[in-house]
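Asker: Submitted below is the structure of interest, expressed as structure tokens.
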Amino acid sequence: MSEICPRCGLPKEICVCSVLDKEVATKIRVFTQKAKFNKVVTVVDGIGSDQIEEATKNLKKMLACGGTYKDSTIELQGKHINEVKSALVKMGFKEDNIDLQ
């Protein structure tokens, strides 16, 4: 017998929690800031803590850059504001919920 998801009660193979989390109306903010030695980093804020590790991995792979996640933010090396928006849409997040600053 397969495992049951504690949130939705469905078997893990057909669990819909991750899809529903992406469709929830949470605002995702994308902006740049200066880091050490005048380097620019792109910051993505507002992705749920249960998806942040996978989202970081996918963004780094799609944008061919380094990065990390801390608390509830993702930091990507370089200026990738517009590319991050298109990558997040490809990952399943709603375009209306992504705010570029």
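Asker: So which residues in segment 60-86 are touching a His at 6+ places or on another chain (Cβ under 8 Å) and within 22 Å of Asp96 (Cα to Cα), if there are any at all?
Answerer: First, the residues of segment 60-86 that are touching a His at 6+ places or on another chain (Cβ under 8 Å): 63, 65.
Scanning segment 60-86 gives a single hit, Leu63.
Asker: Moving on to the next point. Would you pick out the residues in segment 56-94 that are among the small types (Gly, Ala, Ser), closer than 18 Å to Lys27 by Cβ and touching a Leu at 6+ places or on another chain (Cβ under 8 Å)? Write out each step before concluding.
Answerer: So the first thing to find is which residues in segment 56-94 are among the small types (Gly, Ala, Ser), and the list is 64, 66-67, 72, 78, 86-87, 92.
Cutting the leftovers down to closer than 18 Å to Lys27 by Cβ gives us 72, 86-87, 92.
Scanning segment 56-94 gives a single hit, Ala87.
Asker: So, one more: Hey, among the residues in segment 71-93 that are among the charged types (D, E, K, R) and surrounded by 15 or more Cβ atoms within 10 Å (Cβ to Cβ), which one's nearest to Thr42 (Cα to Cα)?
Answerer: Glu75
Asker: Which one is surrounded by the most Cβ atoms within 10 Å (Cβ to Cβ) among residues in segment 1-31 that are modelled with pLDDT of 80 or more and under 12 Å from Gly48 (Cα atoms)? Steps first, answer last, please.
Answerer: Just the residues of segment 1-31 that are modelled with pLDDT of 80 or more, to begin with: 3-6, 9-15, 27-31.
Narrowing the set further to residues that are under 12 Å from Gly48 (Cα atoms) leaves 27-28.
Working: Lys27: 10, Ile28: 20.
So the residue we want is Ile28.
Asker: Quick one: what pairs do we get from segment 4-16, first residue part of a loop (DSSP other than H, G, I, E, B), second of a type outside the set (A, V, I, L, M, F, W, C) and at pLDDT 80 or above, C-beta under 7 Å, 6+ apart or different chains?
Answerer: These pairs meet every condition: Cys5/Lys12.
Asker: Hey, another quick one. Considering Thr68, Thr42, which residue is out of contact with any Cys (no Cβ under 6 Å at 6 or more places or on another chain) and crowded, with 16+ Cβ neighbours inside 10 Å? Steps first, please.
Answerer: Working: Thr68 fails: crowded, with 16+ Cβ neighbours inside 10 Å.
Matching residue, one of Thr68, Thr42: Thr42.
Asker: Please go through segment 58-101 and pick out each residue that is in a helix (DSSP H, G or I), in contact with a strand residue (DSSP E or B) (Cβ under 9 Å, 6 or more places away or on another chain) and free of Cβ contacts under 8 Å to residues at least 40 places away in the same chain.
Answerer: Answer for segment 58-101, where residues must be in a helix (DSSP H, G or I), in contact with a strand residue (DSSP E or B) (Cβ under 9 Å, 6 or more places away or on another chain) and free of Cβ contacts under 8 Å to residues at least 40 places away in the same chain: Leu59, Lys60, Leu63, Asn82, Glu83, Val89.
Asker: Restricting to segment 64-85, what's the tally of residues that are under 25 Å from Cys17 (Cβ atoms) and either out of contact with any Asp or Glu (no Cβ under 7 Å at 6 or more places or on another chain) or at pLDDT below 90 (or both)?
Answerer: 6
Asker: Do you know which residues across segment 43-63 are at pLDDT 95 or above and either at positive phi or among the small types (Gly, Ala, Ser) (or both)?
Answerer: Matches in segment 43-63: none.
The values are calculated or read from the model by the stated rules, or taken from the named source; none is laboratory data. If you're wondering where the values come from, they're calculated on a predicted model, not measured in any experiment. We place every Cβ from the backbone using ideal geometry, glycine too, and count neighbours over all the protein chains shown.
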